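Structure first, then comments.
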Amino acid sequence: MIILTKFLNKYMIGIVGKPSVGKSTFFAAATMVDVPIDARPFTTIEPNEAIAYVRVEDIGPEFGVISQPRNGFILGKYRFVGIKLIDVAGLVPDAHKGRGLGNKFLNDLNQAEGLIHIIDLSGSTDAEGRYIGPGKRDPEEDILFLENELDMWYKDILDRNMEKIKREIKAGKDEAEALYSVFSSMRLSYQDAEEAMTKYDLTSEDLPRFLRIKSKKMIIAGNKVDVYPALDNLKRLSKYSIIPIYAAAELALRKAAKNKLIEYIYGESDFRIISVNEEQKAALEKIRKHMPTNIQQVLEKMVFDVLEYIPVFPAGEKLVDKHGRVLPDCFLMKKGSTVEDFAKKIHTDIAKGLLYGIDARTKRKLAKDYILKPRDAIEIVSAR
């Protein structure tokens, strides 16, 4: 288990899917943390939690400085900013009833804000994750079964808490408040609870699915694109907006870069060979044909497009912190956040004494309610 620093964003992205589709390989490639990887179902039992990174174009060059990230790192023009991933045990049909490691799997996902559903796009594994050969299973079945399992999980939670909800309503709470009290721990917002109660009643069959969709944003990543008929399946299932990925290749590229065999900026569509033998060169050239591997693109789509975070830089007058580090931080803020929200992110005491912000590029004063834009560089002026 990796200890996560207080400077990282508090949300978490869950890696989900049936066994043996490449979840742990995706996790290892995204985080460079060694985890058990095997074709056997339930290789992952205890959840793996670690830090992955999304790319943000660094602002250092605009100010004529070289950034020194407190967390993360610089590759090329990008600053890689930390996010949290959790890889849980594979899900099998009837997991919500406790089958397989179902109850543990679902409980591990309570705090996830977004889910990346990894499927075997080549159709090589059955519903239990056992190998049956390429093209023997329709990947659409895996998409539908996982969504159904999650919906049934929410239904079970709703059913178990129905008497509590009714008691709270009888005691004076409105339906949205009572529903929110049960599902807030699963990241359902009060606004979403209100919307749910305007569209459905508490006994509606469609309510659990609505709650799941609102509180667990999900994208689908189709792994094993190098295996026929993965690309044919991708085209046939275009209505699902599946992002094709090649997790094993990305893991190989990152290990090669770490060992200085190649120069590779994560997420780019090519790399430069530095020093390899003929066998390694052949393997790398095979990978090159399938690039980009899209691991980085999946993470960034989730963070920036689906969860709607934007990068914002603290940038004081001298661009350094008290330890002399240049532009040490980049925070991911929810779209619509204000200067005041940003001050709270930096420190609660600074926020209490907040006077205004300053745009580090233009030197313009910014009101507390100024809406932040992607890659803003802000100095916070506080009485404290």
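Here are a few things to note about the model shown:
- Verdict on Val339 being within 22 Å of Asp58 (Cβ to Cβ), of a type in the set (A, V, I, L, M, F, W, C) and surrounded by fewer than 17 Cβ atoms within 10 Å (Cβ to Cβ): no
- Given (1) β-branched (Val, Ile, Thr); (2) under 23 Å from the mean Cα position of the chain (by Cα); (3) within 30 Å of Ile213 (Cβ to Cβ), index of the condition Ile346 fails: (3)
- Flag for Lys281 being free of Cβ contacts under 8 Å to residues at least 12 places away in the same chain and in contact with a strand residue (DSSP E or B) (Cβ under 7 Å, 6 or more places away or on another chain): yes
Residue-by-condition table, conditions (1) under 24 Å from Leu307 (Cα atoms); (2) in contact with a helix residue (DSSP H, G or I) (Cβ under 7 Å, 6 or more places away or on another chain):
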| site | (1), (2) |
| --- | --- |
| Ser215 | yes, yes |
| Ile220 | yes, yes |
| Asn223 | yes, yes |
| Ala230 | no, no |
| Lys239 | yes, no |
| Pro244 | yes, yes |
| Ala248 | no, yes |
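- On inspection, Asp192 passes the criterion of being in contact with a Ser or Thr (Cβ under 8 Å, 6 or more places away or on another chain), among the acidic types (Asp, Glu) and assigned by TED's automatic domain parsing to the domain that holds Gly133.
- Applying the condition of being over 17 Å from Gly114 (Cβ atoms) and not aromatic (Phe, Trp, Tyr) to segment 190-199 and asking which residue is surrounded by the fewest Cβ atoms within 10 Å (Cβ to Cβ) yields Thr198.
- Residue in segment 271-279 that is among the aromatic types (Phe, Trp, Tyr) and not in a helix (DSSP H, G or I) present: yes
- Taken across segment 137-159, residues that are modelled with pLDDT of 95 or more, over 22 Å from Leu109 (Cα atoms), among the charged types (D, E, K, R) and not in a helix (DSSP H, G or I) do occur, with at least one present.
- Residue within segment 55-75 that is of a type in the set (A, V, I, L, M), modelled with pLDDT under 90, in the same structural domain as Ser215 (by TED's automatic domain parsing) and out of contact with any helix residue (DSSP H, G or I) (no Cβ under 7 Å at 6 or more places or on another chain) present: no
Residue-by-condition table, conditions (1) over 29 Å from Leu188 (Cα atoms); (2) of a type outside the set (Asp, Glu); (3) in contact with a helix residue (DSSP H, G or I) (Cβ under 8 Å, 6 or more places away or on another chain):
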residue	(1), (2), (3)
Thr125	yes, yes, no
Gly133	yes, yes, no
Asp142	no, no, no
Glu149	no, no, yes
Met162	no, yes, no
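- For segment 273-293, taking the residues that are among the small types (Gly, Ala, Ser) and closer than 18 Å to Lys258 by Cα, the one that is surrounded by the most Cβ atoms within 10 Å (Cβ to Cβ) is identified as Ala283.
- Residues in segment 169-208 that are of a type in the set (Gly, Ala, Ser), assigned to a helix (DSSP H, G or I) and under 19 Å from Trp153 (Cα atoms): Ala178, Ser181, Ser184, Ser185, Ala193, Ala196.
- Test: residue in segment 373-382 that is part of a loop (DSSP other than H, G, I, E, B), hydrophobic (A, V, I, L, M, F, W, C), at pLDDT 95 or above and not assigned by TED's automatic domain parsing to the domain that holds Met32: no
- Arg187, sole failed condition from (1) at pLDDT below 95; (2) closer than 27 Å to Ser24 by Cα; (3) surrounded by fewer than 18 Cβ atoms within 10 Å (Cβ to Cβ): (3)
The values are calculated or read from the model by the stated rules, or taken from the named source; none is laboratory data. Nothing here was measured: the structure is a model prediction, and the numbers come from that model. Backbone-built Cβ (ideal geometry, glycine too); neighbour counts: all protein chains shown.
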